[in-house]
Amino acid sequence: MDHSEAPVLDALAAYHREEQLPFTPPGHKQGRGADPRARRVLGDAVFRSDVLAISGLDDRESGDKVLERAQELMADAVRAEQAFFSTCGSSLSVKSAMLSVAGPGEKLLVGRDAHKSVVSGLILSGVRPIWVEPQWDPERRLAHPPAPEAFAARFREHPDARGALVTSPTPYGTCADLAAITAVCHGQGKPLIVDEAWGAHLPFHDDLPTWAMDAGADVCVTSVHKMGAGLEQGSVFHQQGDLVDPAVLKAREDLLGTTSPSVLIYAGLDAWRRQMVEHGHALLRDALDLASDVRERVAAIDGFEVQGREEFTGPNLSHDLDPLPLVIDITGLGVTGYRAADWLREHHRVNLHLADHRRISAQLTFADDKETTDRLLAALHDLRAHIDDLRGSSPTVRVPPPEELRLELVALPRDAFFGPAEQVPASEAAGRVCAEMLTPYPPGIPAVLPGERITPPVLDYLRSGVAAGMVIPDAADGTLDSVRVFVEK
C-alpha cells in the first residue's frame, strides 16, 4: 500500500482548500464563534480543523471512504488484518474487544493486573472474570504480567471460559510472553485479547518487545497517544484471524463509541501511521540510544536504582522489557515516589509518568532529545541534593505480601457496583463487599474491585498510601475515611 497517503489529513486539506461552509456542528463554525481568549490559548488551527467526520470531512454517505482507507493503511502498517480507530481512548477500545469475546454471565480469563478500564468493561457487560495471578516480585513489591502456565492452569479449571485478556506492556514496561500465551489460548480454540495500550510503538523496531499481532494475538488495543505521537484519546484496536469476528468487534465499538468522533484525533492517528512507516525505525533507534545513555547517567546518581532487565526479567518475573519507560527505585533514600514526584513538579516543573510507594518513572519517547533529558537529569540531581529535606515528610506505605493482596470475589462486579450500597466508616469496611473501585492512580490498576471482600491488610495498605500521597480518584471518598460497600442479602 502507498503509505505516503494520509487520507484524513488529505481530506482535511481539501476541505480547507475548497472553502466548504458548514451549517452543521461544531457550533463554533471553525472558530468564528469561539471565545477569543480560548483561541489565544488553543490557536486558530485547532478550531479550523475541528469539523464533522460525515457531511464534513467526507460526504453524507461516506462515499470517499476517508476513514476506511486510513484504517486499512494502519492495519497494513502494523501487520494486522483489520484496524479500527477510536477517539475515546483505549478505555473504550478494550471494552469493545472484551464484549466481542464474552457476554453477560460468561467467563473471561483476565490478568489481575488489569487496568481499571478493563474492570469498567466487566461492570458494564456482566462478564464473569476468572482472575489469572500476575508474577509477583516480593523483593520489589511489584507485579509483572502473568505467565503462560498461569493461563493454562485457569483454562483447565474453567474450560468454558470464552477467551483471555492480558496486559502487556505494563506501565512499568514489563512484558508478557505473548507468543506462549497465544499458543495456550489457541490450543483451547479461544481468542487472546492484549491490552497493549503502552505498546503502540512496538511494531516499528526489532529491538523492542514482540508486538501482539506478530505474536499471533487475535485482538490488541493500542493507545497511540501514550507511546506514539497521536493526540490524547487517540487509540486503535487491531484484529486478525477467525476467532473474533471483525463485524462483531465493530458493532461493539459502535455500541460504546461516540457518534461525534473528533476529526482532530483521526488526523493524529493517520499522520502518526505515515510517520512511523516512513521514519519510525530511525526515530526509535535514536530513542533507544538516548534511553540507554539516560539510564546510565541516572544510575550514576547515588541512591537512584534504575530498573532494567536484570531487575525486571527472568524466572518468575517478566518475559521482556521495553527500555523506554525509565523506572527508578528510590527506596534506599527513605522517600516515597509520591513525595519525590511532587517535589520535581513544584521545583522544576518536571512531570513524571508515574510514582508509587518506592519508585518514580519518566516516560521517554522518540519525541525526547538531549535538551529534554538534560533538563530531567538536572532535576533528578537537584532532587538528590535536597533529599534530606524530603525525608520524614510522608508516612510509610504498608504494602502487604502477595497472599494478602488477593481478595475473594463474592459477587459479580456488575452486581456489586449497581446493587444496593451504603457508605460506611473505614473502621467498619473490613469484611464487607466493596461496591466501588479503589484504584491507586497512576498506574490505574484497582487494588479492590466491586464484588471483592475487603480485608484489613488491603484496607491498611490503601489508607496508609493515601496518607503518604497516593491518589485514589474513583473512590466516593478519596480520603478513604469511608468506603462504599455492597449491602448483602
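Summary table below
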{"read-out": "Net charge of Cβ neighbours under 12 Å - reference Asp356; Lys, Arg +1; Asp, Glu -1", "value": "+4"}
{"read-out": "Packing-based exposure ordering (other Cβ within 10 Å, fewest first) of His115, His205", "value": "His205, His115"}
{"read-out": "Mean Cβ count within 10 Å, highest first, over the residues of peptides 397-404, 316-323, 92-99", "value": "92-99, 316-323, 397-404"}
{"read-out": "Residue-averaged [θ]222 nm for the chain, counting only DSSP H segments that reach four residues, each worth -39500 (n - 2.57)", "value": "-11500 deg cm²/dmol"}
{"read-out": "Packing-based ranking, highest mean first, of 149-156, 475-482 given that Cβ atoms within 10 Å are counted", "value": "149-156, 475-482"}
{"read-out": "Segments 81-90, 304-313, 365-374 sorted - mean Cβ within 10 Å per residue, highest first", "value": "81-90, 304-313, 365-374"}
{"read-out": "Long-range lysine pairs (8 or more apart or interchain), the chain, Cα under 15 Å", "value": "4"}
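Since every read-out is calculated from the coordinates, none of them should be taken as a lab result. Source: prediction; values computed, not measured. When we count neighbours, we look across all protein chains shown, and the Cβ atoms used for this are built from the backbone with ideal geometry, even at glycine.
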